[in-house]
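Any read-out appearing in this document is the output of simple, stated calculations on the displayed coordinates, not a laboratory observation. All of these numbers come straight from a predicted model, not from anything done at the bench. Positions of Cβ are generated from backbone atoms using ideal geometry, with glycine treated the same way; all protein chains shown enter the neighbour counts.
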């Protein structure tokens, strides 16, 4: 590692801070600010140590937030450039997780958020449901879930909610939940376009999630992902997230650089 730090200390500092921030940049809300580190106090040595050990106080304190099931609001960015406000589960009154024989698998606590996910899948609720109603529905359906199936929920006004915490694998894609981050928009977009505020929020969320080390497989609508997982099998077909939203997801994938998406 010595040679890597010997040339251009200023440039090295910039690159190292980017590495630390790329692993995770999460700023606490006012209610949690005292519990998380002051990013302005990150020093060169701390960044160098983070690179060597792949962990640091700042990384671990922020990462712990994603395993909380009653966390407050926060600001999310995985790249240090785009930021988005997230309404935490404590704020919207999330009910308890019901783990009884249901999947609620945590990700590796020592890894970076980017390493937890290789792709993003976008859904719609189909029937208009508040996030509270969605949690109740998922926990009481025929195949009950431990919690909301998705990681983020966007309401009709474009507000972004923390659904299932990022520290846990989702339950939103049949046979395809491992390393798959789920986002759901409230509404039925089979024939009606999402509210412009929802699309703006989705784009902002995707921009905040975009990081060099994660989501190598790209961004998908649910119907695209199903077609890739179960080709030539009509029993697994879904119209989710509706054609009007699926088109937008495809365009965002190209615009934001999430890689090619196969359309079906």
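Residues 217, 174, arranged from fewest to most other Cβ atoms within 10 angstrom of their Cβ, appear as 174, 217.
State whether the stretch 113-256 is rounded, prolate or oblate according to the following rule on the C-alpha gyration tensor (a ≥ b ≥ c being the square roots of its eigenvalues): a/c under 1.5 gives rounded; otherwise a/b larger than b/c gives prolate, and the remaining case gives oblate. Judged from the Cα gyration tensor, the stretch 113-256 comes out rounded (a/c under 1.5).
Label point of residue 141 set 7 angstrom out along Cα-Cβ; within the stretch 237-260, amide nitrogens under 15 Å from it belong to 237-242.
Rounded, prolate or oblate: pick one for the stretch 163-244, where a ≥ b ≥ c are the square roots of the eigenvalues of its C-alpha gyration tensor, a/c under 1.5 means rounded, and failing that, prolate if a/b is larger than b/c, else oblate. It is oblate, given that a/c is not under 1.5 and a/b is not larger than b/c. Given their separation in residues at 0.36 nm each and the Cα-Cα distance between them, residue 232 and residue 244 gain 2.0 nm when the chain is fully extended.
The stretch between residue 174 and residue 127 holds 15.0 nm of extra length on full extension. This uses 0.36 nm per residue minus the Cα-Cα distance. The ranking of 113, 84 by Cβ neighbour count inside 10 Å, starting from the fewest, reads 84, 113. Taking the number of Cβ atoms within 10 Å of each Cβ as an exposure proxy, the fewest-first ranking of 100, 176, 147 is 100, 176, 147.
Remark: relative contact order (the stretch 115-198) = 40 percent; criterion is Cα-Cα distance under 8 angstrom and separation of 6 or more residues.
Let a ≥ b ≥ c be the square roots of the eigenvalues of the Cα gyration tensor of the stretch 76-184; is it rounded (a/c under 1.5), or, if not, prolate (a/b larger than b/c) or oblate? It comes out oblate by the Cα gyration axes.
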